[in-house]
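Here is the structure we will look at, set down as structure tokens.
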Amino acid sequence: MTLEQLENEVLALPQDSLIHLFTRLIEQLGKTNEIDREIENDWLEEAEARDHDLTSGEVIGYPASQVFADLRASLA
């Protein structure tokens, strides 16, 4: 099976299955032990910038549960 065939099959899944697969893929990506150091440093810088924005009051955070609820509602 080619990547294109797999992609077509995945995109043809029902929406609830697609959301489940997306969640599993994100979880799996978080388990990798072979993170490129440059990417790791970029993410660290981004996290520090976001932390600064939140603690300084420049942006307002929302709980992850609300973000995912809004996302699910927009996909329904």
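A short reminder: the numbers here are calculations on the coordinates, not readings from a lab. These numbers were taken from a predicted model, which means no experiment stands behind them. No Cβ is skipped: glycine too gets one built from the backbone with ideal geometry, and neighbour counts run over all protein chains shown.
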- Note the angle between two axes, namely the Cα long axis of helix 15-29 and the longest principal axis of the Cα atoms of the chain, as a number of degrees from 0 to 90, rounded to the nearest 10. 60
- Message: Counting only helical runs of four or more DSSP H residues, what would the 222 nm mean residue ellipticity of the chain come to if each run contributes -39,500 (n - 2.57) and the total is spread over all its residues?
- Response: -24000 deg cm²/dmol
- Item | the chain: angle of helix 37-56 to the longest principal axis, Cα-based, in degrees nearest 10 | 60
- Message: Using +1 at the C-beta of Lys and Arg and -1 at the C-beta of Asp and Glu, which of 73, 61, 8 has the Cα lying farthest in the positive direction of the dipole of the chain?
- Response: 73
- At residue 60 and residue 18, where each label point lies 7 Å from the Cα along Cα→Cβ, what is the point-to-point distance in nanometres? 3.1
- Task: Largest first and to the nearest Å, give the Cα extent of the chain along each principal axis.
- Result: 47, 34, 18
